[in-house]
1. Kindly indicate whether THR376 is out of contact with any His (no Cβ under 7 Å at 6 or more places or on another chain) and either crowded, with 22+ Cβ neighbours inside 10 Å or closer than 25 Å to PRO25 by Cα (or both).
2. Using the structure shown, decide if LEU405 is at pLDDT 95 or above, farther than 16 Å from ALA245 by Cβ and more than 19 Å from the chain's Cα centre (by Cα).
3. Only one of ALA299, ALA337 is modelled with pLDDT of 85 or more, buried (at least 23 other Cβ atoms within 10 Å of the Cβ) and either aliphatic (A, V, I, L, M) or closer than 30 Å to ARG235 by Cα (or both); which?
4. So ARG450 clears everything in (1) in contact (Cβ under 8 Å) with a residue 12 or more places away in the chain; (2) open to solvent by 70 Å² or more (accessible area, probe 1.4 Å) except one condition, right? Which one?
5. Scanning segment 177-231 for residues that are among the hydroxyl-bearing types (Ser, Thr, Tyr) and under 29 Å from ILE47 (Cβ atoms), which turns out most open to solvent (accessible area, probe 1.4 Å)?
6. Could you tell me how many of the residues in segment 414-444 are modelled with pLDDT of 90 or more and in contact with an Asp or Glu (Cβ under 6 Å, 6 or more places away or on another chain)?
7. Looking at (1) crowded, with 23+ Cβ neighbours inside 10 Å; (2) touching a residue at least 60 places away in the same chain (Cβ under 8 Å), find the lone condition where LYS414 falls short.
8. Given the conditions (1) touching a residue at least 24 places away in the same chain (Cβ under 8 Å); (2) assigned to a helix (DSSP H, G or I), which single one is not true for LEU443?
Amino acid sequence: MLKGSAWMTAGSIMSRILGAIYVIPWVAWFGNHSGQANALFAIGYNIYSLFLIVSTAGIPGAVAKQVAHYNAMNEYNMGRRLFRSGLSLMAVMGVLSAGILYVLAPALSTGNPAAVPVIRSLSWPLLVIPVMSLFRGFFQGYADMMPSAISQFLEQLARIIYMLAMTYWIMQIGHGNYVDAVTQSTFAAFIGAIASLLTLAWYYMRKHRQWHTLYENSNDELHQSTRQMLWEMIRQAIPFIILDAGVTIFQWVDQYTFIRWIGRFVGGSSASHYELFQLFAFSANKLIMITVSLASSMAVTSIPLLSEAYTRGEDKTLRDQIDNTIELFFFIMIPAAIGMAVVAKPLYTIFYGYNFSGTLILEFSSYVSVALGFFTVLAAVLQGLYQNRMAIAYFVVGLIVKLILQYPMIATFKVFGPLVATAIGLAVTCTLMMRSLNQMFHLKASELLRRIGLILFFTLIMYGVCAVLEHGVFMVLNPMSHIQSMIGLIIVAGIGGAIYGYLVLRTRLADAVLGGRVAGLRRRLHIK
């Protein structure tokens, strides 16, 4: 699990970092239109994200789960047949979803005509991504996360190169329309998808020779028709659609309620309301998704491992795997989220320029990211254990809580309201999921709570030191300067990371969560 998580985390984090870094020149080239460009981008991508999840039909997770299930029974040829049969289905899903998004673009544009070409440009990647997702799921079913991680990175790299080149050409050289530049920036997802698909196809051809021995020694005792296999894949995929879209559905609630309701409590024009919307829906969200991607990486890794152990009936292995997944999540996510909160001011300034409101929203969003990440992990765990209905039911409960609280939270907390409602809704969902997991597998609750308590304690020590240090650093450095903010960020984040690292190594907490190999690192660092 650690190896798989390491690959997926590396790929996800690198692509997320690239996806955040490009914002610096991208926003600068839009000049006075940067706020409107951010809002358009956020509207387009929130809609696209849901269509993307539906068009792939939850295939990466479902295929990984089914292939791992067949492999655990030494039925490798069944997994290969599933993959080959799924290619045609995914190609059809791509064409259908792309056509539907293109036609519905005016209705989905929140009444903003400028959003229509942006949304339509995102129909093109939907032609490619369903097939690409099938490749990723197949690799993940073999617990081979490297191809997915590398393709994810190259997808982001190709996308960013294209979008920056086109934005510079339109806005800086041609002095063109910002809507055209945003449209080309979103169309860049198609360029990235092509790069990713070619990478995965190359890895498939390379790995196919290694898998040949497994195919030859397959039991071939399980007989299912192609229709049965595809139906089973779709049946397993439906929960993945709903749960993978969970965070996006919460964001859709924000997109279609915040702009309508915020005018009742905050004065100003429609443009100023869109500006407020982009502060949390684009600017802060872009940065917190770097840490949330840590959770997504662990979730992707855990599904085939849990499915395999479940198929073999290894209850003790399942309990240990669930405990390890939760511990690893908090071990990484809590310091990452709280660390981002403490450096919110220089971090926001580096990417978007100094903005007091933006800094506060990023800080609060960092705390909310823990709930987003924990929901992602727990939903994946329940799916890996074939508890799909339970996972969906708990998600729906959390969504209902979010819908009930949305209006009063916006009325009370204004721009922070959607984030508060999201945090409470997901907290309810996560609590229900944890309770059910504990009832089913009798988790080592006392040990889990003790280790999570230690993680939180060490993180708070790090936070306290970094908060004082950050205040002192920016008494000397100018917090409104991009360069000086970068210097301050490096100093504070570096010292914070060193403090947390020392504490978890010194107390052997890292050994308990990551395994005995950590002892070698401690010896090299001369930590007793």
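The values are calculated or read from the model by the stated rules, or taken from the named source; none is laboratory data. What you see is a predicted model, and the numbers here were worked out from it, not measured in a lab. Note: ideal-geometry Cβ built from the backbone for every residue, glycine included; neighbour counts use all protein chains shown. Just the protein is used for accessible areas: all its heavy atoms, side chains included, with ligands, DNA and RNA removed. Shrake-Rupley method; radii C 1.70, N 1.55, O 1.52, S 1.80 Å.
1. Judged against the criteria, THR376 is a match.
2. So LEU405 passes the test.
3. ALA337
4. That leaves (1) as the condition not met.
5. Residue satisfying both the conditions and the ranking: TYR178.
6. 1
7. Unmet condition: (1).
8. (2)
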